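The values are calculated or read from the model by the stated rules, or taken from the named source; none is laboratory data. Predicted model only: the values in this text are computed from it and were never measured. Here the Cβ positions follow ideal geometry from the backbone for every residue, glycine too, while neighbour counts run over all protein chains shown.
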Amino acid sequence: MKRIAGILLAVFCFAGIVWADSSLSLTGAGATFPYPMYSKWFSEYHKKDPKIEINYQSIGSGGGIRQVTEGTVDFGASDGPMTDEQLKAYQDKHGFPVLHFPTVLGGVVPTYNIPGVTAELKFTPEALAGIYLGKITKWNDPAITGPNSGVSLPGNEIVVIHRSDGSGTSYIWTDYLSKVSSEWKDKVGKSTSVNWPVGLGGKGNEGVSGLVKQTPNAVGYVELIYAIQNSMPYGSVKNSSGVFIKADLASVTAAAAGAAKNMPADFRVSITDAPGKTAYPISSFTWLLIPSKFPDASKRDAVKGFVKWMLADGQNYTEALSYAKLPKEVVAKELKALNEVR
Amino acid sequence: MSSTTTVVPSAGPVAGSRSFLSRLREGDEIARLITFLFAASVVLITVLLVYELWVSSVLPRHKFGLAFFVTRVWDPVFDNFGALPFIYGTVVTSAVALFIAVPLGIGASIFLAELAPARVSDTLEFFIDLLAAVPSVIYGVLGIFIVVPLMRQFIQPALKNTLGFLPLFKGPAYGIGFLTAGVVLAIMVVPYIISVSREVLLSVPREQREAALALGSTRWESTWKVVVPFARSGILGSIFLALARALGETMAVSMVIGNAPTISASLLSPGDSIASVIANQFTEATGDLYTQSLIELGLVLFLLTFILNGLARILIVTTSQRGSGLGNA
Amino acid sequence: MNPRLRWRKFVSNFMLTMTGCCALIAVSVLFFILGNLVYRGGTSINWNFFTKLPVPVGETGGGMANAIVGSGKLLLLATLFGVPIGFLGAVYLAEFSGNKVAFVVRYAADLLNGAPSIVIGIFAFTLVVHPFKHFSTLAGGVALGIMMIPITLRSTEGFLLGVPRNLREGAMALGASKWKTIVTVIVPAAYRGILTAILLAFARVAGETAPLIFTALGNSYWSHGWNEPTASLPVVIWNYALSAYDDWHRQAWAAGLVLLALILVINILARAILSRGMSVPRA
């Protein structure tokens with residue numbers, strides 16, 4: 001018994017050793033979508049300045065908003081902008097506002113598995129909304145066959161797949177559907193998690209793609225990165241200018257550029273169904289949520305330094321990981337807004 | 001039941017005849033006090049947990065009241081929340097899981113305790129314990145990649161062909177759904193049953209077995225009719241452990257249950273469970289009513305556990321036998 | 001041999017074979033899972049895996065050293081917190097308490113056991129993270145420890161009560177006080193079962209992700225002491241397995257394999273160390 005206690009005590013002390021180190025540690029938490037990108041960025045930044053350790057964990061956008069408001073993390077991250085109530089809650093609690101900084105762009109693509117169909121399908125907004133509302137139930141419905149005249153689609157029942165977990169991807173998808181279909185907007189609305197009229201839920205992009213791959217006649221939506229990295233077939237979507245665009249990094253960035261002109265100063269904007277001939281309609285920003293005041297000057301400087309680097313060199317790392325970079329116009333606006341972090 | 005037969009008068013050697021101080025010096029009273037504090041802390045933690053959940057779910061409780069239990073809608077956009085489909089899903093998947101795991105687990109534990117040579121039994125036991133340590137996310141991913149296709153392509157069609165007339169097996173075979181979730185849960189809870197039951201069976205005194213065999217029973221009869229009943233409470237305890245695990249499992253279930261808040265008699269239908277929906281939506285939930293509704297779901301699960309435990313206990317008491325000497329369920 | 005006896009013998013052989021099948025099914029599921037882990041993740045296990053910090057996707061040479069150490073620290077805390085409460089609480093229930101108190105404590109433990117792990121995580125968040133305004137290893141240890149209590153308590157109580165009366169009465173007849181009887185006779189007699197219970201609880205919390213997300217959070221670097229967020233194997237597995245990148249998928253499987261190997265080793269060590277001087281022959 002004594003022997004065990006002795007061993008445990010030794011292990012305890014060893015594991016609990018706090019050694020003095022001069023590094024500055026920052027903690028951030030939030031969105032899962034940009035997690036691979038952020039982990040790359042923070043790692044590169046650490047190489048540039050080894051004294052700064054920025055630890056980012058993906059606990060979900062809702063978690064990010066909650067934790068930055070609670071003050072348990074130094075900054076947050078979210079795939080959807082904070083609502084007015086959330087901003088007010090933050091302001092009331094801390095006495096100063098929290099600022100949004102877009103970092104990268106992502107897109108959401110429709111993927112499908114129809115036996116006998118290998119061609120790339122073209123989807124109109126009406127088709128997508130109809131399928132997800134449960135009003136279009138067969139693959140050979142005119143709304144789908146219309147733009148796909150060269151493809152013979154079977155009369156099978158469509159199996160709709162959506163996300164079961166709350167996610168930024170669902171937010172973008174439902175935000176788009178709310179814009180292009182007033183029925184969707186009234187009946188279902190937009191959120192990280194909605195009351196889906198039809199369909200099965202898969203957990204994560206992995207779950208959705210797994211289900212789509214295994215279920216004949218299925219349709220689902222996944223992040224562009226996921227589709228690219230896993231070489232999944234996905235369709236093109238008609239944008240607001242009437243052009244069928246297949247999502248890729250350039251068309252996603254084009255969507256942000258199209259929206260840049262009318263962007264509000266706080267960057268809280270939805271860029272789905274953005275104007276522009278080459279814009280991919282189901283695109284979105286993801287944001288860092290940074291307090292406008294830091295009690296600790298060294299932390300503030302570290303954060304500001306990182307954001308400056310991120311907007312410049314950082315953008316060069318995005319393509320390798322299949323994230324779309326910010327358009328120049330937005331970068332310029334952000335650099336100006338960075339001055340408000342004191 | 002048995003606690004009164006094994007515990008010598010618990011208030012000290014002869015109640016009242018020795019002063020508190022002298023009892024204290026002997027150490028028994030201190031031991032009693034210390035262990036009481038620890039036991040009480042368990043109750044304290046549970047009460048604190050329920051209290052926290054209660055306090056953190058004040059908004060939906062006021063807004064929906066008891067309607068929360070019977071509403072079928074879960075709509076985060078229009079702020080309308082109801083727990084009924086999730087309660088149904090939790091009960092159904094746990095029932096399926098126990099239906100599969102209990103016979104499997106008890107059977108395996110009988111084999112390990114009675115038939116297998118000691119070395120083999122111990123080695124296999126190490127490995128079966130490992131099943132309890134596999135992270136649920138791995139169960140989930142393996143579930144999607146292996147169990148779901150198996151279900152969709154072979155098992156569910158076979159069930160429909162043979163038993164399709166039952167309402168239990170109607171509807172399209174997607175592969176995911178209540179049945180699949182139940183199967184994955186069964187695998188996850190079986191180690192608890194095997195592990196604990198095996199130990200309990202091993203501690204049944206040899207005389208019991210020998211007496212049965214001496215009276216001419218076959219190996220199986222002595223096991224099933226004498227040893228297992230003797231170990232009944234311990235085995236039931238292990239089933240309680242398994243039930244609790246099944247009720248609270250989040251990750252693996254959320255990946256294979258289909259996540260459609262439906263209530264259907266068919267096991268092939270997709271559904272959802274309380275733990276799964278909390279795990280799926282809590283991290284992304286924004287807005288007080290939404291988050292608090294999820295917490296209220298947690299409270300509902302507590303209530304469900306409370307009721308199911310109570311029902312099970314009543315069942316045990318009403319079918320209780322004399323002569324069961326091991327433990328209390 | 002009369003027909004009835006023949007039938008009974010047949011039933012006996014049949015049922016015993018069935019139990020063998022049950023055991024076979026259980027064990028083959030495990031080996032199937034292990035096999036999958038090895039197949040999918042085996043290639044990612046190398047020296048780096050155990051010694052280096054994680055690197056972003058696309059770079060090579062990273063590892064999970066901080067997650068392995070982090071899991072170790074968390075499990076140590078959980079054991080130190082949860083096992084004494086469960087064990088000593090069980091001693092109270094088995095040896096000292098009356099029926100009413102015992103009923104309440106058992107019911108409470110069963111309730112606690114059924115709580116979804118994410119709810120326990122939220123609870124630990126309000127207890128340990130919210131007041132101190134930061135995530136910490138301590139909070140994660142508390143969350144996991146709370147989860148260990150019910151399994152430890154219920155199973156230990158069961159095994160303590162299963163110790164035969166004659167052992168207890170023998171000790172008392174020799175003049176031993178109650179607590180001395182417990183320490184020197186009853187616990188050693190039930191130790192195998194108690195150890196099984198503790199190791200089972202340990203295995204259970206070792207694979208838990210949800211409670212750690214809100215308490216220990218995660219860390220891409222080394223975590224110093226007990227007050228910083230820390231990486232842990234289950235959380236890393238969760239992040240990597242649900243990502244888009246094949247390399248991370250492989251690492252997730254490898255991490256799962258390492259976690260299981262760790263539990264196996266601890267299992268073996270615990271039984272080996274504690275069995276010295278405590279062996280009571282099987283009934």
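Considering only the stretch B:208-221, state which residues are within 32 Å of the chain's Cα centre (by Cα) and of a type in the set (D, E).
Hit for the stretch B:208-221 is B:E221, nothing else.
So, in the stretch B:280-318, of the ones that are of a type in the set (G, A, S) and not in a helix (DSSP H, G or I), which residue ends up farthest from the other protein chains (Cβ to nearest Cβ)?
Step one: of the stretch B:280-318, the residues of a type in the set (G, A, S) are B:285, B:287, B:293, B:298, B:310, B:312.
If we keep only those that are not in a helix (DSSP H, G or I) too, we end up with B:285, B:287.
Values: B:A285: 5, B:G287: 8 Å.
The selected residue is B:G287.
Can you pull out every residue in the stretch A:303-333 that is outside any helix (DSSP H, G or I) and in contact (Cβ under 8 Å) with a residue 24 or more places away in the chain? Quick ask: steps written out before the conclusion?
Step one: list which residues in the stretch A:303-333 are outside any helix (DSSP H, G or I), which gives A:312, A:318, A:322-327.
A:T318, A:S322, A:Y323, A:A324, A:K325, A:L326, A:P327 - these are the residues of the stretch A:303-333 that are outside any helix (DSSP H, G or I) and in contact (Cβ under 8 Å) with a residue 24 or more places away in the chain.
Do any helices (runs of 4 or more DSSP H) entirely within the stretch B:108-195 hold 1 or more residues that are within 14 Å of chain C (Cβ to nearest Cβ) and either touching a residue at least 12 places away in the same chain (Cβ under 8 Å) or over 30 Å from A:V219 (Cβ atoms) (or both), and if so, which? Give the steps one after another, and end with the answer.
Numbers: elements: B:118-133, B:136-142, B:156-163.
Counting at least 1 such residues, we get B:118-133, B:136-142.
May I ask you to list the residues in the stretch B:241-271 that are β-branched (V, I, T), within 14 Å of chain A (Cβ to nearest Cβ) and over 15 Å from A:G204 (Cα atoms)?
The one that is β-branched (V, I, T), within 14 Å of chain A (Cβ to nearest Cβ) and over 15 Å from A:G204 (Cα atoms): B:T262.
Just checking: which of the helices (runs of 4 or more DSSP H) contained wholly in the stretch C:169-224 hold 2 or more residues that are more than 7 Å from chain B (Cβ to nearest Cβ) and surrounded by 23 or more Cβ atoms within 10 Å (Cβ to Cβ)? Talk me through it step by step, then tell me what you get.
Values: elements: C:178-181, C:187-206, C:210-213.
Fully inside the stretch C:169-224 and qualifying: C:187-206, C:210-213.
Would you pick out the residues in the stretch A:140-185 that are closer than 16 Å to A:P125 by Cα, in contact with an Asp or Glu (Cβ under 7 Å, 6 or more places away or on another chain) and of a type in the set (G, A, S)?
The answer is A:A143, and nothing else.
Look at A:S181 and say whether it is facing chain B (nearest Cβ under 8 Å) and free of Cβ contacts under 8 Å to residues at least 60 places away in the same chain. Don't jump to the end; show me each part of the working.
Numbers: facing chain B (nearest Cβ under 8 Å): no; free of Cβ contacts under 8 Å to residues at least 60 places away in the same chain: yes.
When the stated conditions are applied, A:S181 does not pass them.
Would you check which residues across the stretch C:33-66 are away from every other protein chain (no Cβ under 12 Å) and touching a Ser or Thr at 6+ places or on another chain (Cβ under 9 Å) and list them?
C:N48, C:G63, C:A65
Have a look at A:T215, A:T174, A:T192 and point out the one that is in contact with a Gly (Cβ under 8 Å, 6 or more places away or on another chain), at pLDDT below 90 and closer than 17 Å to A:V108 by Cα.
Values: A:T215 fails: closer than 17 Å to A:V108 by Cα; A:T174 fails: at pLDDT below 90.
Result of the check over A:T215, A:T174, A:T192: A:T192.
When both residues are 6+ apart or on different chains and their Cβ atoms are under 8 Å apart, which pairs have a first residue that lies in the stretch C:98-114 and is more than 16 Å from C:G158 (Cα to Cα), and a second that is outside any helix (DSSP H, G or I) and of a type outside the set (S, T, Y)?
none
Does at least one position in the stretch A:257-268 carry a residue that is closer than 16 Å to A:V109 by Cβ, in contact with a strand residue (DSSP E or B) (Cβ under 8 Å, 6 or more places away or on another chain) and part of a loop (DSSP other than H, G, I, E, B)? I'd like the intermediate steps shown before the answer.
Just the residues of the stretch A:257-268 that are closer than 16 Å to A:V109 by Cβ, to begin with: none.
There is no residue in the stretch A:257-268 that is closer than 16 Å to A:V109 by Cβ, in contact with a strand residue (DSSP E or B) (Cβ under 8 Å, 6 or more places away or on another chain) and part of a loop (DSSP other than H, G, I, E, B).
Check A:K336, A:K293 and return the single one that is assigned to a helix (DSSP H, G or I) and either aliphatic (A, V, I, L, M) or farther than 30 Å from A:T124 by Cβ (or both). Break it down into steps so the answer makes sense when it comes.
Values: A:K293 fails: assigned to a helix (DSSP H, G or I).
It is A:K336.
Of the residues that sit in the stretch C:121-149 and are crowded, with 24+ Cβ neighbours inside 10 Å and out of contact with any Ser or Thr (no Cβ under 9 Å at 6 or more places or on another chain), which one is modelled with the highest pLDDT?
C:I146
Would you mind telling me which numbered condition in (1) assigned to a helix (DSSP H, G or I); (2) over 30 Å from A:S209 (Cβ atoms); (3) aliphatic (A, V, I, L, M); (4) within 23 Å of the chain's Cα centre (by Cα) B:V277 fails?
Only one criterion in (1) assigned to a helix (DSSP H, G or I); (2) over 30 Å from A:S209 (Cβ atoms); (3) aliphatic (A, V, I, L, M); (4) within 23 Å of the chain's Cα centre (by Cα) is unmet by B:V277, namely (2).
Is one or more of the residues making up the stretch A:161-178 buried (at least 17 other Cβ atoms within 10 Å of the Cβ), more than 11 Å from chain B (Cβ to nearest Cβ) and part of a loop (DSSP other than H, G, I, E, B)?
No.
Restricting attention to the stretch A:42-57, which residues are closer than 30 Å to B:G287 by Cβ and either out of contact with any strand residue (DSSP E or B) (no Cβ under 7 Å at 6 or more places or on another chain) or of a type in the set (V, I, T) (or both)? Let's see the steps before the verdict.
Filtering the stretch A:42-57 down to residues closer than 30 Å to B:G287 by Cβ leaves A:42, A:54-57.
The answer is A:I54, and nothing else.
Could you grab me the full set of residues in the stretch A:202-222 that are under 22 Å from A:P34 (Cα atoms) and either facing another protein chain (nearest Cβ under 7 Å) or in a helix (DSSP H, G or I) (or both)? Lay out the reasoning, then the answer.
Here is the first cut: in the stretch A:202-222, the residues under 22 Å from A:P34 (Cα atoms) are A:202-210, A:220-222.
Matches in the stretch A:202-222: A:K203, A:G204, A:N205, A:E206, A:G207, A:V208, A:S209, A:G210.
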